[in-house]
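The values are calculated or read from the model by the stated rules, or taken from the named source; none is laboratory data. Just so you know, these numbers come straight off a predicted model, no measurement behind them. In this analysis, Cβ positions are derived from the backbone assuming ideal geometry, glycine residues included, and neighbour counts consider all displayed protein chains. With ligands, DNA and RNA removed, areas are computed over all heavy atoms of the protein, side chains included. Shrake-Rupley method; radii C 1.70, N 1.55, O 1.52, S 1.80 Å.
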Amino acid sequence: MSLAEGLGFVRVDPVLDIAAHRWSLVLLVVAWALAAARGHRRLALAFGLAWAFAGPLFWALALGRPLGYGLDPHATRGTAELVVAAASGRAGEAAIAGEPVAISLAARLAVGGLGDAPLIALAALAPALVAPLLALAAFACGRGERAAALAILLLALATGDLDALRGTGLTSGVAYRPEAALVLPIALAAALLVARLARGGLVLAALVAAAALSVVLRGLGLPAPAAPPVVPIEELAWALTLDHGLLLALAALRLWQWRQGGDATAEDRAGAGFAAAGLALGLAGVVGLGPLAADPWPGHVGWRLGLLLLASGAALPLLHELVDLVAGLPRLRTLLDRPREDVAAVLLVLVVAPGSFLAWWAPHRLDPLVLESLEPLSPRTTEAAAWLAANTPADAVVLCSTNYLPEVLLAGRRRVLRAPALGQPEDGERRDRAERSALAGRENPTLYARYGLRYVFIGPGDFREHGIAWPYELDDRPGLILRHTAPGGFRVYELRGTGESREGG
């Protein structure tokens, strides 16, 4: 099931629809700039939010399946466990029947009535949500022109080209850590608010940032692929400096102004706090402290956000001087007959948005997993497996091969006896014996009851190692009752003696 199907939208084609997508972004930038020129800051923010949301949304709707599902074990397991937990009402059991699993917040929500679909959609939409939510937090918790300028920078420059290529980009990396789309905006808002304190604001902002970035490391249980490779230590200096280009220079300028006795705002203190927290986490990862060594992304994101917060303070005076300079030219004086703040906002939008990473992002060219996830699951297999969800008890366990495991878990919504790609249980030999017994058609209710095993899902090419050439060969085996046949040669059998399920067509 893709995000487009889950939301009832038409799935977009990354080749045929890309031109329309790019033009829509151009129109949104124009509307954004016009609203800023008229001094309508909230309307300008709304167009900016729509622009930053529309870019990643296009690629989320282009996916044929949840990112990495059926391709990456971590993503497959996370999605499958949410689905089967919501269907069965049991959050403490893995997708592999009988295997315990730590109960995450996402699993509790899924079992508690929210269901799995909103959580899977939230994970898919995380790249589209993170920059708009950060900008909204900055605008709501900031003041005046500085807040509007910071929102523009967060929308357009939260992710840069070089840090995205290195694997430390915010928008490109949040797909692997979807919790960050919720945690980071809350942390930014909290840091801005505590930074307004006259004393201790900087320290408190740093603590808030560090706590939020640490939460991102642990995760809340939203399904996502495993994190990308670690940034090599020899690249750390470039990842902290040249990857951020002009932002680093503007942030350094603002810090210098601060040290020279300039008034420090909440954005300055929060920026210094985020930068300090990000740098500390990054250095801790270099020396190998716990999970920080395995995932440098939170530290780099904290550093980037700190630079953006500080750079917004240095950029505004420069923009004002530029506006004054340009307004002095006779031919442009009439054109720029607007308040200086409005013209500065328009210039900032037109300078940073059109050439930004989000405007030209093509994730399928940067991430092989995105490219593979554009291919949907087999429609025939998905349709056949969906019969399980509609016609079998919620606690039933299914025996299926690895060939059709993703469809049985996602569309069938039932736990499975074995899933070698997702993990090897300690009682693997006993599960092998249950599989051999079930496929041979022998009645063994005690062994089947141990795992709740009740159905066999089989398709073409399955279980050849057991001497089965075609699925219909199971029809004559005494311990199996044929319950469903589907186009493509798929069959569902019920194990005799495990209970009676509703008859299917």
Close pairs from the stretch 235-246: first under 12 Å from residue 169 (Cα atoms), partner assigned to a helix (DSSP H, G or I), Cβ under 6 Å, at least 6 apart: 239/166; 243/162; 243/163; 244/307
Condition broken by residue 252, with the remaining ones in (1) aliphatic (A, V, I, L, M); (2) over 24 Å from residue 187 (Cβ atoms); (3) surrounded by fewer than 15 Cβ atoms within 10 Å (Cβ to Cβ) satisfied: (2)
Tally, over the stretch 427-442, of residues that are surrounded by fewer than 20 Cβ atoms within 10 Å (Cβ to Cβ) and either touching a Leu at 6+ places or on another chain (Cβ under 8 Å) or closer than 21 Å to residue 387 by Cα (or both): 5
Residues being of a type outside the set (Val, Ile, Thr) and open to solvent by 50 Å² or more (accessible area, probe 1.4 Å) - total across the stretch 445-459: 3
Scope the stretch 205-223; condition modelled with pLDDT under 75 and within 22 Å of residue 91 (Cα to Cα); matching residues: 215, 216, 217, 218, 219
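Going by the conditions given, is residue 29 open to solvent by 40 Å² or more (accessible area, probe 1.4 Å) and either polar (S, T, N, Q) or farther than 28 Å from residue 454 by Cβ (or both)?
Values: open to solvent by 40 Å² or more (accessible area, probe 1.4 Å): no; either polar (S, T, N, Q) or farther than 28 Å from residue 454 by Cβ (or both): yes.
The answer is no for residue 29.
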Filtered residues of the stretch 394-437 (kept if among the charged types (D, E, K, R), over 26 Å from residue 111 (Cα atoms) and part of a loop (DSSP other than H, G, I, E, B)): 426, 427
Residue pairs meeting the criteria (Cβ under 8 Å; at least 6 apart or on separate chains; first under 10 Å from residue 83 (Cβ atoms), in the stretch 408-430; second outside any loop (DSSP other than H, G, I, E, B) and among the aromatic types (Phe, Trp, Tyr)): 412/387; 412/457; 414/455
Residue identified as within 21 Å of the chain's Cα centre (by Cα) and touching a residue at least 40 places away in the same chain (Cβ under 8 Å) among 135, 140, 85: 135
Residues that are in a helix (DSSP H, G or I) and touching an Asp or Glu at 6+ places or on another chain (Cβ under 9 Å), drawn from the stretch 177-194: 192
Leading residue by the ranking (least open to solvent (accessible area, probe 1.4 Å)) among those in the stretch 460-498 that are closer than 14 Å to residue 398 by Cα and modelled with pLDDT under 90: 498
